[in-house]
Amino acid sequence: MLGSQLAMPILVLNMGGEMIYILHQRLQAQNIPEEKARKVLEDVLKTMYTPVFLEELFKPQDVYTNASTKQIFDKLAHSSIMRLNKTSMEKLYDLMSMGVKYQLLSCTCPQQYLHVTINHLDSLMHLVESETVNPLIQSAATKAIRTYASLSPAN
């Protein structure tokens, strides 16, 4: 199996973390009531870390096209009561992509990127602190560690 066939989980987990951070900031900036904002983030996180989605995501597979990846995040962003127009979704996706690219370029070895991923997941658990969401996020972290921790830098 090629290491590139394991690229999608770490990419989606990190882009998803960026998406939640950005949505959280935008909800605060727009003075959305705290309970409503929390519900939006919880709904997106529940969908993003559902066991069925994670099981498919962690199967070895070719890297998705940019259009397919964008479609995943469009569906995730709209899995709550929140609605984004096409322009807002494009901006959100561009910001997510830039954040992930910056983090990837800042890492000096593959293990650091796993640390970034686990840090994202840990931060998301503290951001929402939900009895229903946190176990899902923890499951994603466990899958990431099991998948990537034993790989050599050459994979």
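The values are calculated or read from the model by the stated rules, or taken from the named source; none is laboratory data. Keep in mind the model is a prediction, meaning the values are calculated, not measured. Heads up, the Cβs are rebuilt from the backbone with ideal geometry, glycines too, and the neighbour counts pull from every protein chain shown. Just the protein is used for accessible areas: all its heavy atoms, side chains included, with ligands, DNA and RNA removed. Shrake-Rupley method; radii C 1.70, N 1.55, O 1.52, S 1.80 Å.
Can you tell which of Leu84, Leu114, Leu104 is over 14 Å from Val12 (Cα atoms) and at pLDDT below 95?
Only one candidate qualifies: Leu84.
Can you name every residue in the stretch 1-20 that is of a type in the set (Gly, Ala, Ser) and open to solvent by less than 10 Å² (accessible area, probe 1.4 Å)?
Gly16, Gly17
When the stretch 76-91 is examined, which residues are found to be under 12 Å from Gly16 (Cβ atoms) and not polar (S, T, N, Q)? Please lay out each step first, then the result.
Going through the stretch 76-91, the residues under 12 Å from Gly16 (Cβ atoms) turn out to be 76-77, 79.
Result: Leu76, Ala77.
Kindly evaluate Lys86 against the criterion of being touching a Phe, Trp or Tyr at 6+ places or on another chain (Cβ under 9 Å) and of a type in the set (D, E, K, R). Don't jump to the end; show me each part of the working.
Details: touching a Phe, Trp or Tyr at 6+ places or on another chain (Cβ under 9 Å): no; of a type in the set (D, E, K, R): yes.
No, not satisfied.
Might you check whether a residue that is among the β-branched types (Val, Ile, Thr) and buried (at least 16 other Cβ atoms within 10 Å of the Cβ) occurs anywhere in the stretch 139-147?
No - not one qualifying residue is present in the stretch 139-147.
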